[in-house]
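What follows is one structure encoded as structure tokens, with my remarks underneath.
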Amino acid sequence: MEVSTKIERISAADVARIRQDFPLLAQKMNGKPIVFLDSAASSQKPNKVIDAVSDYYRKLHANVHRGVYQLSQDATAAFEVGREKARAFINAASSSEVIFVRGATEGINLVASSFGRKFLRQGDEVVVTAMEHHSNIVPWQLICEEKGAFLRVAPINDAGELIMSEFEKLLNDKTRIVAATYVSNALGTVNPVAEIVALAHARGIPVLVDGAQAAPHMKMDVQQLDIDFLAFSGHKMFGPTGIGVLYGKEKWLNAMPPYHGGGEMIKSVTFEKTTYAELPHKFEAGTPDISGVIGLAAAIDYIQEIGQDAIAQYENELLAYATSRLKEVEGIRFIGTARYKASVVSFIVEGTHPYDVGAILDKLGIAVRTGHHCTQPLMDRFGIPGTVRASLAFYNTHDDIDRLVEGVKKAVSMLR
Ligand code: PLP
């Protein structure tokens, strides 16, 4: 979008213009104009990102960090510009704290494996919350099993909010790390990250934040929040698939062993002894996803051209509209009614299965997600097999919500 100044408040006309930037939104699904309400799974891509990736392959491609020739140096420069944009996006103190990974999943696995290998001992504890995505549970289970450590789970209330007093009780001198999501993908709950960090740091415990669902919707300032690790994925924030960021404080990253071994991550190699490269390269073995970084940089530019405050405000209004209109559906039960939420409305409707509702919505051209959303323990907590989840982005409109509500009403009338 060609905007020279940030939008103060996103209007219907702005959204109409924004939608022109996303070619896929002009398509039909099952013969109907698509209503895309699955951005929490993966967002659509603006032309700016698509063009950046395609231009890179057309005009700039060469491997990075290796060539003496101009093309390789230009590709390296573009790649490192991407790192600097990612640094600024989260306000990290240094670009050496920005590690490119495949996505939030790989970022969390890196920390669980590498931090865990160095700092976890038998009988130690890792604290997570009851609303974590599997990718912030299973990596910790793997390392806990290996080390004889234990996973402790901070409970949530019926609204889907973390019970802070219970979270605090779990922190003790055996706790080595806290891993918590910023925004729940299944409930939309926004967790009080600053408070979580303050409580953990008061006991000298570092905190990893899963920012996968926060990155597209709100500002994440790692210095202000004093986060130790932050992981997020490019594809959920309008960038390409296969690229993500792991932020880590230098003091931790320097203390941790490498995750993967290979080219790029070494200083020198002999068969007797290998020494490792400085940050961030120590954690970036092998040829990186160069086009992914360039696409991610374009996505960051795109988000910042619109403005993160304006995005958050617009999406909050749209979420409130969706929630209030869905209340018209008889027998609806919202899963996730936290006071602070972002861009997700999850629900079940009495007498229907989420999958059947989703399948009928699909026929009407409406893309939602159904199922457990990779949060099976959370679904167990609510005693349900899954939900219907509509997730929003700034390219969604009030009309999208109206079509969702009419679609759900129709599905319910067919299924009951
Ligand atoms: N964390 C949360 C909260 C998510 O919603 C997701 C994906 O849905 C992930 C982590 C994993 O992201 P990725 O699959 O991009 O690695």
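For this structure, a couple of remarks:
- The set of residues in region 392-405 being more than 19 Å from GLN27 (Cβ to Cβ) and touching a Leu at 6+ places or on another chain (Cβ under 8 Å) consists of HIS398, ILE401, VAL405.
- Annotation: of all residues in region 60-94 being crowded, with 16+ Cβ neighbours inside 10 Å and of a type in the set (Ser, Thr, Tyr), the one that is nearest to the chain's Cα centre (by Cα) is THR76.
- ILE303 fulfils the conditions (1) over 30 Å from ARG17 (Cα atoms); (2) of a type in the set (A, V, I, L, M); (3) part of a helix (DSSP H, G or I) except for a single criterion, (1).
- Cβ pairs under 9 Å, 6+ apart, first in region 98-110 and assigned by TED's automatic domain parsing to the domain that holds ASN136 and of a type in the set (S, T, N, Q), second within 7 Å of the ligand (Cβ to nearest atom) and not in a helix (DSSP H, G or I): THR105/HIS133; THR105/ALA212; THR105/SER233; THR105/GLY244
- Selection of region 55-113 for residues being charged (D, E, K, R) and at pLDDT 95 or above yields ASP55, ARG58, LYS59, ASP74, GLU80, ARG83, GLU84, LYS85, ARG87, GLU97, ARG102, GLU106.
- Residue match in region 357-365 (condition: of a type in the set (Gly, Ala, Ser), over 19 Å from the mean Cα position of the chain (by Cα), assigned to a helix (DSSP H, G or I) and farther than 30 Å from GLY82 by Cβ): yes
- Within region 27-57, restricting attention to residues that are assigned to a loop (DSSP other than H, G, I, E, B) and in contact with a Leu (Cβ under 9 Å, 6 or more places away or on another chain), the residue that is surrounded by the fewest Cβ atoms within 10 Å (Cβ to Cβ) is ASN30.
- Hits in region 91-131 (condition: more than 29 Å from GLY148 (Cβ to Cβ), away from the ligand (no atom under 16 Å from the Cβ) and not acidic (Asp, Glu)): ASN91, ALA92, ALA93, SER94, SER95, SER96, VAL98
The values are calculated or read from the model by the stated rules, or taken from the named source; none is laboratory data. Quick caveat, the model's predicted, so the values are computed rather than measured. Cβ sites come from the backbone with ideal geometry, for glycine too, and all protein chains shown count toward neighbours.
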